[in-house]
1. Based on alpha-carbon atoms only, what is the radius of gyration of region 200-257 relative to the globular estimate 2.2 N^0.38 Å?
2. Run the helix sum for the chain: -39,500 (n - 2.57) per DSSP H stretch of 4+ residues, divided by residue count, reported at 222 nm to the nearest 500 deg cm²/dmol.
3. May I ask you to derive the relative contact order of the chain, considering only C-alpha pairs under 8 Å and at least 6 residues apart, and to give it as an integer percent?
4. Determine the relative contact order of region 1-138: mean sequence separation of Cα pairs under 8 Å and six or more apart, normalised by residue count, in whole percent.
5. Please arrange 134, 8 by how many other C-beta atoms lie within 10 Å of their C-beta, fewest to most.
6. Expressed as a whole number of Å, what is the distance separating the alpha-carbon centroids of region 147-192 and region 21-47?
7. What distance in nm separates the simple spin-label points at residue 27 and residue 70, each placed 7 Å from Cα in the Cβ direction?
8. Between residue 130 and residue 215, what is the label-point separation in nm under the 7 Å Cα-to-beta-carbon projection?
């Protein structure tokens, strides 16, 4: 299995990261993508990837932190993206739920990341919450300037964004949310996305799947995400993990091993 979204530099893993990775590997996770949420965290995320042959990383600024990096320029992202272990741009996007950063700062941040994805050819990891229409508008507007690969990560958006994303060739990642009893609407939308466009993630240490909901999430729990997706498509977890791993390697083309 390939866990395509892990926050391994998080404080929650500060004391036992090696044990967490060991449990994940024992559970069948063979690749991890460590996500950069702040540009000043990039060195720490990169170090984790460089220290483990089965871990790669991204570079980016989460929309929550856009206000802290208004001086970020595209060249900063391009320089980091030249590293062999850096295989995607992001996560970036729009999140209007908490309002940690002004909408204008988030939009500017998002567009910088899109330009970096276009120039490098690396996939763009997109976080969107309560911003479906504007996210789709920006993606479509920017795509018209030149194509880039899109991943709508931890997808919880509506059907309209899903349809507009699919029209741009986007991939979608699913997390432990898929297993939540309250996530009926998410399951309904994801059921309309072709399996060849879906990949798996935990988003650990957040969003632990059932039966671990409410606890710290770990990459070892990825199999429960696969089982939820398998149930949705009336197939086996083994088939889901095979398909989703192939999809992830097709998306993150810079990964060669």
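Every read-out reported here was derived from the displayed coordinates using simple, explicitly stated rules and does not represent laboratory data. Here the structure is a predicted model, which means the values were calculated and not measured. Cβ: placed from backbone, ideal geometry, glycine included. Neighbour counts: every protein chain shown.
1. That works out to 1.21 for region 200-257.
2. Working: 9 runs with 102 residues, N = 257.
Calculated mean residue ellipticity at 222 nm is -12000 deg cm²/dmol.
3. On the way: 519 pairs, mean separation 48.9, N = 257.
This gives 19 percent for the chain.
4. 21 percent
5. Details: 134 17, 8 24.
Least crowded to most crowded, the residues run 134, 8.
6. One Cα centre to the other: 23 Å.
7. Taking the simple label geometry, residue 27 and residue 70 are separated by 4.1 nm.
8. Result for the modelled spin labels: 3.1 nm.
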